[in-house]
Structure formats: C-alpha cells, structure tokens
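J.: My questions will all concern the structure given below.
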Amino acid sequence: MSDAPAIAFAGVGKDYGRTRALADLSLTVAPGEILGVLGPNGAGKTTAIRILLDLIRPTAGRAEILGHDCQRDGPAARSAVGYLPGDVQLPSRLDGGVLLARAGAVRGRAADPARVAALTERLGADLGRRVGELSKGNRQAVAILLALAHRPRVLVMDEPTSGLDPIRQREVLTILREEAAGGVAVFFSSHILGEVEHACRRVAILRAGRLVALDEVAAIAGAARRRYEVVLHAPLPHEPFSAPGVVEVARAGDALELEVTGEADALIRALAPLRVRSLRSLQTGLEDAVLHLYRDGAA
Ligand code: ATP
C-alpha cells in the first residue's frame, strides 16, 4: 500500500436518477502532486470530491485514498485527509479554537500548536470569535486552517480560494505548494484558471460528468487554438490571409485577427515577407483551451 497513489478514481460514476453527475472517471494523484480540477458549473467536480469523503456513494467504479477504498474502508481513507467543503457550514456558536480541539479529539491527536500558530498568522484566521460572527472570507480562512492543521497527507478542497481577497488567495496557493513540496497530495477544484495555472503542473477538466482533458497545463495550453492580432504597415489585398494552420477571423483596416492551431511557427513564417507594425496574443493558451473544452468537450 505504501506505493499506492495518494488518490485514485477507477471508472467512477454517479447517477442521480436520470442525471449522470459523473461518468467513468479514472485518474490518479501522486504524493506531492497538486491536481487542479476545472469544469463549468454542474460538471461533476463536487460529486468527485464528495465520493472521496464518502459523503455520497458512487453508482459505478471505486475510489481510493492511499490504497484504502473510500467507501468500504472509509475511516482509514478519511483519517489521511484534510477536507474543505465547497459550502463551508461550521457551527455558528462555536469559535475556531473549539472546532480545532474537537477535530483533534475526533482524530485522536491535537494539532501541533506551532503549526496552528503559523497557519493562523498566514491565513489571518480568527480562532477566538464565534464562527457565526465572522465574514464569509474569515469563515473560509478558519475552515482552511481546520483542513490543514493536522498535517493530512492528502488535501481535498472544493474551491478553496472562493470568497477570499487576492492576498489570501495567493497565500493559500503558496501554502498548498509548500504542502505538496513536503509530499502532500492536493486535489482541488476551481473556477479560476490563473490559480490553477499558477499552482498545478497537471490539470483535469470535467464537462457534463466526463473527463475531457487530463494533462500538464503546458500541454493543454500548447494544443490550443490561439488568437493573435497583427497590425501591418500596408493594407493586404482583399483575399483572406491564409497559411497552414492559420485562419483569418476578422479584419479592420490594417489590423487582422488570426487564429492559429498548434505552434506559432507557421504564423511567423507567413508574416515574414510583410511589414508588421505589431503582433499581440489575444488570449492565454490555457484560457483559450479551457473555454474551448468547456464549450465543445473535445479533448
Ligand atoms: P459547480 O461548479 O457549480 O460547483 P460541480 O462541477 O461541482 O459544479 P456537481 O455539484 O458535482 O457539479 O454536480 C454535477 C451534477 O450532478 C449536476 O448536474 C447536478 O445538478 C447534479 N447533482 C448534484 N447533486 C445532486 C443531487 N443531490 N440530486 C440530483 N442531482 C444532483
């Protein structure tokens, strides 16, 4: 079991009556890896996360954490996990300090006070006030601290930066990267492409319950169709600009908007004989690729 993946989904599906929330999901996350999970609303991200925690049962396949079946061997699987739900609901009359102590009692060991102090400081978490009195972002900070405090080997987080200000968002991503550098596996969902690009090497994209892409960020971004704006010194003749892998999609005077599939090399060669005033990429590769996958679902 020691060389088992930190997280493994094998053919996992979940149906709610006729709604297929998740279909045949297979992927693994290694210790020390951060996997970002993207997908439009209703794609199945939360469903996958809830199956790991055995909050819902799959209708097909199996999920494992560190070799423990999440359903049949749930307590062993969950003992390794720090979990942040997407809709944080903590008992409003208790403060973070009490919740932390209770989490320690359930786990059978208190969190290391030095780690709690460091996380409290970095997340700006207020453990002394009743949770019900905290703002949304401050409640989120307490919930993130609760997920991290006991040094879990696997972190499962549903939109961890949701509701946080940009400074805290950045700090959370930094903490996740530090945890991963120490061997922790992280599985987190997000709607923010930039943070996935920043935090993860590999990304999974779900759409309508299906895995439509699972690859390194650079590979997904590199395979994308990219758009460029080219401004020339002299107008082109009226025929559309064309080259292998390059299609003209718009023209306004001397400015052309071109769509390029694959590498930019064909575009550069096609432009070489012309006098180019400026050349600008209109979207990042990942953003372009993800929007395309969200719309068409073609891997
Ligand atoms: P979001 O980005 O909006 O949080 P998500 O990717 O997390 O979306 P899920 O919450 O996993 O999506 O939902 C996947 C699908 O399962 C959706 O079609 C949703 O309507 C459906 N679903 C989720 N929970 C239930 C339920 N309890 N009963 C019926 N259908 C459900």
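The numbers here are math on the coordinates, done by the rules we state, and not lab data. Owing to the predicted nature of the structure, the values given are computational and were not obtained by experimental measurement. Every residue, glycine among them, receives a Cβ derived from its backbone with ideal geometry; neighbour counts consider all protein chains shown.
J.: Out of the trypsin sites (Lys or Arg not before Pro) in the stretch 84-143, which ones are loop residues according to DSSP with at most 12 other C-beta atoms within 10 Å?
T.: On the way: sites: R93, R102, R107, R109, R115, R122, R129, R130, K136, R139; in loops: R93, R109, R129.
The qualifying sites are R93, R109.
J.: Pairwise over distinct Cα atoms, reciprocal of the mean inverse distance: report the Kirkwood radius of the stretch 35-107 in Å, one decimal place. Can you show the working numbers first?
T.: Values: mean 1/r = 0.0710 Å⁻¹.
Evaluated on the stretch 35-107, it is 14.1 Å.
J.: Turning to a different aspect of this structure: Report the gain in length on full extension from R107 to R269: 0.36 nm times residue separation, minus Cα-Cα distance, nm rounded to one decimal.
T.: Separation in residues times 0.36 nm, less the Cα-Cα distance, equals 52.1 nm.
J.: Further, regarding this structure: Taking 0.36 nm per intervening residue step and subtracting the Cα-Cα distance, what contour gain separates R170 from V247 on full extension? Provide the component values of the computation, followed by the final result.
T.: Details: separation 77, 0.36 × 77 = 27.72 nm, distance 3.78 nm.
Extending this stretch completely gives an extra 23.9 nm.
J.: Something else: Which value, in debye to the nearest 20, gives the size of the charge dipole of the chain about its Cα centre, when Lys and Arg are +1 and Asp and Glu are -1 at the Cβ?
T.: Working: 37 positive and 35 negative charges, 171 e Å.
Dipole of the chain, to the nearest 20 debye: 820 debye.
J.: To continue, here is another question. Across 5 Å bins from the origin, how do the percents of Cα pairs in the stretch 99-241 run, short distances first?
T.: Here the calculated profile for the stretch 99-241 is 2, 8, 15, 17, 16, 11, 8, 7, 5, 3, 3, 2, 2, 1, 1, 0.
J.: Classify the stretch 136-200 as rounded, prolate or oblate, taking a ≥ b ≥ c as the square roots of the eigenvalues of its Cα gyration tensor: rounded when a/c is under 1.5, otherwise prolate if a/b is larger than b/c and oblate if not.
T.: Details: a/c = 1.71, a/b = 1.14, b/c = 1.49.
Taking the square roots of the gyration eigenvalues as a ≥ b ≥ c, the stretch 136-200 is oblate.
J.: Which trypsin sites (Lys or Arg not before Pro) does the stretch 235-275 hold that lie in a coil by DSSP with at most 13 other beta carbons within 10 Å? Before the final figure, lay out each step's value.
T.: Working: sites: R251, R269, R275; in loops: R275.
Those that pass, being in a loop and sparsely packed, are R275.
J.: Mean residue ellipticity at 222 nm from the helices of the chain, using -39,500 (n - 2.57) per DSSP H segment of n ≥ 4 over the full residue count, to the nearest 500 deg cm²/dmol? Walk me through the numbers before you get to the answer.
T.: Values: 10 runs with 98 residues, N = 299.
One gets -9500 deg cm²/dmol as the mean residue ellipticity at 222 nm.
J.: Can I ask one more? Can you pull the percent of Cα pairs in the stretch 22-168 with separation above 26 Å? Numbers along the way, then the final one.
T.: Values: 2941 of 10731 pairs.
Of the Cα pairs, 27 percent sit more than 26 Å apart.
J.: Inverting the mean 1/r over all pairs of different Cα atoms, compute the Kirkwood radius of the chain and quote it in Å. Don't jump to the answer; show the numbers that get you there.
T.: On the way: mean 1/r = 0.0470 Å⁻¹.
The Cα-based Kirkwood calculation yields 21.3 Å.
J.: Taking K and R as +1 and D and E as -1, what net charge do the other residues with C-beta under 14 Å from the C-beta of R72 add up to?
T.: Numbers: positive: R57, R62, R78; negative: D54, E64, D69, D73.
After counting each charged neighbour, the total is -1.
J.: Working from the pairwise distances between different alpha carbons, so that the mean of 1/r is found and then inverted, what is the stretch 99-175's Kirkwood radius in Å?
T.: Details: mean 1/r = 0.0782 Å⁻¹.
Evaluated over the stretch 99-175, this radius sits at 12.8 Å.
J.: Follow-up question, since we're still on this one. With the Cα gyration tensor of the stretch 79-124 giving a ≥ b ≥ c as the square roots of its eigenvalues, does the rule (a/c under 1.5 for rounded; else a/b larger than b/c for prolate; else oblate) give rounded, prolate or oblate?
T.: Values: a/c = 1.32, a/b = 1.10, b/c = 1.20.
In terms of gyration-tensor shape, rounded.
J.: Still on this structure: Stretch S79-R295 to full length: gain in nm at 0.36 nm per residue minus the Cα-Cα span?
T.: Numbers: separation 216, 0.36 × 216 = 77.76 nm, distance 3.80 nm.
Length difference between fully extended and current span is 74.0 nm.
J.: So what are the radius of gyration and Dmax for the Cα set of the stretch 192-263, in Å?
T.: Rg then Dmax for the stretch 192-263, in Å: 16.7, 49.
J.: Here's something else I'd like to know. In the stretch 125-156, whose amide N lies under 13 Å from the spot 7 Å out along Cα-to-Cβ of Q89? List them in ranges.
T.: What the label zone holds, given the 13 Å backbone N cut-off, is no residue at all.
J.: Okay, next question. Packing-wise, with mean Cβ within 10 Å as the measure, how do 155-164, 234-243, 48-57 rank, highest first?
T.: Working: 155-164: 22.4, 234-243: 10.8, 48-57: 20.3.
Answer by packing, highest mean first, reads 155-164, 48-57, 234-243.
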